[in-house]
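Quick notes on the structure that follows.
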């Protein structure tokens, strides 16, 4: 399995070199574990996310019109961003906004410490993200990119600029409690009845309700009793809610 750094370096190679490496690698026998991961586990993870997006699309289509933005916080290699485009563009005229530091994870604070997290992990540069989106066929005229760590980039000025349009879907892939808090604070203004909010890392930290996205969500709801949400969908890692009352 390649590390994040190895993947980044591989993608920087000319396509002809990439193809040559793939041909060489294909002739190297896989271990039993590598074969199971490649043939069973990885396809399952992708299928699980695709089904999630289809479920959201089904909800939005039945309850239309639910229009506005597709916000994604934490885009990395654009895997979920591309899934969102593949799913929603056929049924809805959404505007896509990608929020990411493009520097990987920020400094890990005590409440978010876990073996798998470290500063700079999950880094994809902005140019690489844009390249992956274009190669996938995404119309970049319908995409806005907001670069920076969330505590710095999610400003009132930006909110004023994006208003008054509301959010149809908010995809929160922040991993960390301290990254999720400013995201929820920012999106409050964009919620409408029918807005769908997805937490990609809902069951990280062994599903501990006092850590990660779960804690940030609970505290957000405590601060905003005027809001009401209902559970919509769940997977092994993701959790989806829909806003049923957005208050004043």
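Taken together, the values in this text are just the output of simple stated rules run on the coordinates, not laboratory data. Keep in mind that this is a model prediction, so the values were computed, not measured. Here the Cβ is made from the backbone with ideal geometry for all residues, glycine too, and neighbour counts use every protein chain on show.
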**Message:** Please rank 210, 112, 173, fewest neighbouring Cβ atoms within 10 Å first, as an exposure proxy.
**Reply:** 210, 112, 173
**Asked** Once label points are set 7 Å from the Cα along Cα→Cβ at both residue 208 and residue 63, what is their separation, rounded to one decimal in nm?
**Response** 3.3 nm
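Sort 153, 101 so the one with the fewest other Cβ atoms within 10 Å of its own Cβ comes first.
Details: 153 15, 101 21.
Fewest-to-most Cβ neighbours within 10 Å comes out as 153, 101.
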**Fill in**
Here the FRET efficiency for residue 39 versus residue 90, based on Cβ atoms and R0 = 25 Å and rounded to 0.05, is 0.30
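So what is the diffusion coefficient of the range 76-192 in µm² per second by Stokes-Einstein at 25 °C and 0.890 mPa s, using a Kirkwood Rh over Cα pairs? Spell out each step's value before the answer.
On the way: Rh = 15.3 Å.
Stokes-Einstein gives a translational diffusion coefficient of 161 µm²/s.
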**Request:** For the chain, set up a Gaussian network in which alpha carbons nearer than 10 Å are linked by springs, and say which option among 131, 39, 82 fluctuates the most.
**Result:** 39
**Prompt:** In the chain, what is the volume of the convex hull around the alpha carbon atoms, normalised per residue and reported in Å³?
**Reply:** 138 Å³
**Request:** Treat the count of other C-beta atoms within 10 Å as a stand-in for reagent exposure and order 116, 111, 197, 145 from fewest to most.
**Result:** 116, 111, 145, 197
**Asked** Each label point is 7 Å from the Cα along the Cα-to-Cβ direction; what then is the distance between the points at residue 142 and residue 230, in nm?
**Response** 2.8 nm
**Request:** Report, for the chain, the % of DSSP beta bridges that are antiparallel, rounded to 5.
**Result:** 35 percent
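With n ≥ 4 as the cut-off for DSSP H runs, can you work out [θ] at 222 nm for the chain, using -39500 (n - 2.57) per run divided by the number of residues, rounded to the nearest 500? Let's see the in-between values first.
On the way: 10 runs with 102 residues, N = 248.
That comes out to -12000 deg cm²/dmol.
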**Asked** Rounded to the nearest 0.05, what FRET efficiency is calculated for residue 32 and residue 192 with R0 set to 30 Å and r the Cβ-Cβ distance?
**Response** 0.05
**Prompt:** Under a plain spin-label model, where a point goes 7 Å from the Cα along Cα-to-Cβ, how far apart in nm are residue 48 and residue 125?
**Reply:** 3.2 nm
**Prompt:** Helix 126-136 versus the longest principal axis of the chain: what angle, 0 to 90°, nearest 10, using Cα atoms?
**Reply:** 80 degrees
**Message:** Mean-square fluctuation check for the chain, GNM, Cα pairs under 10 Å: which of 147, 115, 77 is largest?
**Reply:** 115
**Fill in**
In degrees, nearest 10, the alpha-carbon axis of helix 79-88 is tilted away from the dominant principal axis of the alpha carbons of the chain by 60 degrees
**Request:** Under a 10 Å cutoff between Cα atoms, tell me which one of 188, 214, 223 has the largest fluctuation in the Gaussian network model of the chain.
**Result:** 223
**Message:** Between 0 and 90 degrees, rounded to the nearest ten: what's the tilt of helix 15-26 against the longest Cα principal axis of the chain?
**Reply:** 70 degrees
